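S.K.: Got a structure for you, written out below as structure tokens; questions coming shortly.
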Amino acid sequence: MDHLIRTTDEVQAALDGRRAVVALETTLVAHGFPAPAGIEVGLASEAAVRGAGAVPATIGVLDGRVVIGLTAAELERFAPDARKLGPRDLAPCAVQGAIGATTVGGTLAAAAAVGIRFMGTGGLGGVHRGFPTPPDVSADLGVCARVPALIASSGVKSLLDVPATAEVLETLGVPVLGYRVDTLPLFYAAEGGPPVSARVETAEEAAAVADAHWRLGGNGILVGRPPDESLDVAALTEEILAEANERGIGGQDLTPFVLAALHERSGGETRRVNRDLIVANAGLAGEIAVAHAAL
Ligand code: PSU
Ligand code: MN
């Protein structure tokens, strides 16, 4: 028995059999939606992965171990008081026996430890607006540079400086693939983002690109899938960011604050679009993982 990492039998069997596995995060379960809505989003994401023919592995830290494949009962323990875990936070949280919800970066770091190469999420973290004051750059980017994994997303969180984030992804050698689009989706909005580095038309094509990228020594790959329903909340986001700034809310607390305020002030619109895009991206990650397993 591994005292640090617990992988469910189903996930381990799929990995051993070289079948498709998709990692899912718990930060958006605990901190991305008002409780208990995040649990439903997590379960619906798992169902979407299964619908594509892949095995979901929702990841979090529980009872002193990094868990790869949470049960529904375990997922319910990811409440707003869970720690938010980037890659730097995994080890302290496990050793201290706290409950920890993993971000994209934290999830990928744990996934890499057991050989999972696909993930679905809402939006990647990145360079915050106003850089270098504060010099806040999500650890998601560092992990993308270090870990061979493909992330299906709706691009980068739109509360960030998206063009700057795209520049850093280029610097780190991370391909940014547009799924049937030429520009990186802006999370809630399909249009208006920076150009992608390559466009793909199918899950099979994305899988082939990933395989080639990894054989050439590359690591992270971001796939941007536009939301089915596009929402323009640019002005509202600006307003909320200014308020966060005035109130001194920053660092790891910024995203949960902004998402909660957006959900509230859009009358639940952003919450619905956010939920739907997360589930759709999980399904796409499943399709790409299945296509990769068939290569
Ligand atoms: N996108 C969402 N909801 C979220 C996040 C992204 O729709 O909760 C989370 C992801 O877990 C991502 C994290 O990895 O925000 C990045 O946070 P930070 O900027 O503090 O690194
Ligand atoms: Mn940050």
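S.K.: Being over 15 Å from the mean Cα position of the chain (by Cα) and away from ligand 2 (no atom under 16 Å from the Cβ) is the filter here, so list the residues in region 101-129 that pass it.
M.R.: Of everything in region 101-129, those that are over 15 Å from the mean Cα position of the chain (by Cα) and away from ligand 2 (no atom under 16 Å from the Cβ) turn out to be 113, 114, 115.
S.K.: Which is in contact (Cβ under 8 Å) with a residue 12 or more places away in the chain, more than 16 Å from ligand 1 (Cβ to nearest atom) and touching a helix residue (DSSP H, G or I) at 6+ places or on another chain (Cβ under 8 Å), of 139, 149, 189, 210?
M.R.: Numbers: 139 fails: more than 16 Å from ligand 1 (Cβ to nearest atom); 149 fails: more than 16 Å from ligand 1 (Cβ to nearest atom); 189 fails: more than 16 Å from ligand 1 (Cβ to nearest atom).
Of 139, 149, 189, 210, the one residue that is in contact (Cβ under 8 Å) with a residue 12 or more places away in the chain, more than 16 Å from ligand 1 (Cβ to nearest atom) and touching a helix residue (DSSP H, G or I) at 6+ places or on another chain (Cβ under 8 Å) is 210.
S.K.: Can you tell me which of 127, 114, 95 is among the β-branched types (Val, Ile, Thr) and within 13 Å of ligand 1 (Cβ to nearest atom)?
M.R.: On the way: 114 fails: within 13 Å of ligand 1 (Cβ to nearest atom); 95 fails: within 13 Å of ligand 1 (Cβ to nearest atom).
Only one candidate passes the filter, namely 127.
S.K.: Identify, by number, the condition in (1) touching a helix residue (DSSP H, G or I) at 6+ places or on another chain (Cβ under 8 Å); (2) within 16 Å of ligand 2 (Cβ to nearest atom); (3) over 20 Å from residue 123 (Cα atoms) that residue 291 doesn't meet.
M.R.: Only one criterion in (1) touching a helix residue (DSSP H, G or I) at 6+ places or on another chain (Cβ under 8 Å); (2) within 16 Å of ligand 2 (Cβ to nearest atom); (3) over 20 Å from residue 123 (Cα atoms) is unmet by residue 291, namely (2).
S.K.: Filter region 261-280 down to the residues that are more than 10 Å from ligand 1 (Cβ to nearest atom) and touching a Gly at 6+ places or on another chain (Cβ under 9 Å), then identify the one that is nearest to residue 26 (Cα to Cα).
M.R.: It comes out as 279.
S.K.: In addition: Residue by residue through region 22-36, note down the ones that are under 13 Å from the mean Cα position of the chain (by Cα), among the small types (Gly, Ala, Ser) and either surrounded by fewer than 24 Cβ atoms within 10 Å (Cβ to Cβ) or away from ligand 2 (no atom under 16 Å from the Cβ) (or both).
M.R.: 23
S.K.: Would you confirm, using the coordinates I've provided, whether residue 122 is in a loop (DSSP other than H, G, I, E, B), within 13 Å of ligand 1 (Cβ to nearest atom), over 12 Å from residue 222 (Cβ atoms) and at pLDDT 95 or above?
M.R.: Details: in a loop (DSSP other than H, G, I, E, B): yes; within 13 Å of ligand 1 (Cβ to nearest atom): yes; over 12 Å from residue 222 (Cβ atoms): yes; at pLDDT 95 or above: yes.
For residue 122, the condition - in a loop (DSSP other than H, G, I, E, B), within 13 Å of ligand 1 (Cβ to nearest atom), over 12 Å from residue 222 (Cβ atoms) and at pLDDT 95 or above - is met.
S.K.: Within region 256-271, work out how many residues are buried (at least 16 other Cβ atoms within 10 Å of the Cβ) and either among the aliphatic types (A, V, I, L, M) or not in a helix (DSSP H, G or I) (or both).
M.R.: Summing the residues that are buried (at least 16 other Cβ atoms within 10 Å of the Cβ) and either among the aliphatic types (A, V, I, L, M) or not in a helix (DSSP H, G or I) (or both) in region 256-271 gives 6.
S.K.: Examine region 58-67 for a residue that is of a type in the set (S, T, N, Q), closer than 20 Å to residue 285 by Cα, under 13 Å from the mean Cα position of the chain (by Cα) and away from ligand 2 (no atom under 16 Å from the Cβ), and state whether such a residue exists.
M.R.: Looking only at region 58-67, we keep the residues that are of a type in the set (S, T, N, Q), and these are 58.
Add one more test, that the residue is closer than 20 Å to residue 285 by Cα, and what stays is 58.
So of that shortlist, the ones also under 13 Å from the mean Cα position of the chain (by Cα) come out as 58.
Okay, now just the ones that are also away from ligand 2 (no atom under 16 Å from the Cβ), so 58.
Within region 58-67 (the criterion being of a type in the set (S, T, N, Q), closer than 20 Å to residue 285 by Cα, under 13 Å from the mean Cα position of the chain (by Cα) and away from ligand 2 (no atom under 16 Å from the Cβ)), the answer is yes, since at least one residue qualifies.
Here is a yes/no grid of residues against (1) within 15 Å of ligand 1 (Cβ to nearest atom); (2) modelled with pLDDT under 95:
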residue	(1), (2)
227	yes, no
232	no, yes
237	yes, no
247	no, no
251	yes, yes
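S.K.: May I ask you to list the residues in region 202-254 that are within 16 Å of ligand 2 (Cβ to nearest atom), surrounded by fewer than 16 Cβ atoms within 10 Å (Cβ to Cβ), part of a helix (DSSP H, G or I) and under 21 Å from the mean Cα position of the chain (by Cα)?
M.R.: 251, 253
S.K.: With the requirement that a residue be surrounded by 23 or more Cβ atoms within 10 Å (Cβ to Cβ) and of a type in the set (D, E, K, R), what does region 119-165 give you?
M.R.: Matches in region 119-165: 140, 157.
The values are calculated or read from the model by the stated rules, or taken from the named source; none is laboratory data. In this text the structure is predicted, and so the values were computed from the model without any measurement. Ideal geometry is used to build each Cβ from the backbone, glycine not excepted, and the neighbour counts take in all protein chains shown.
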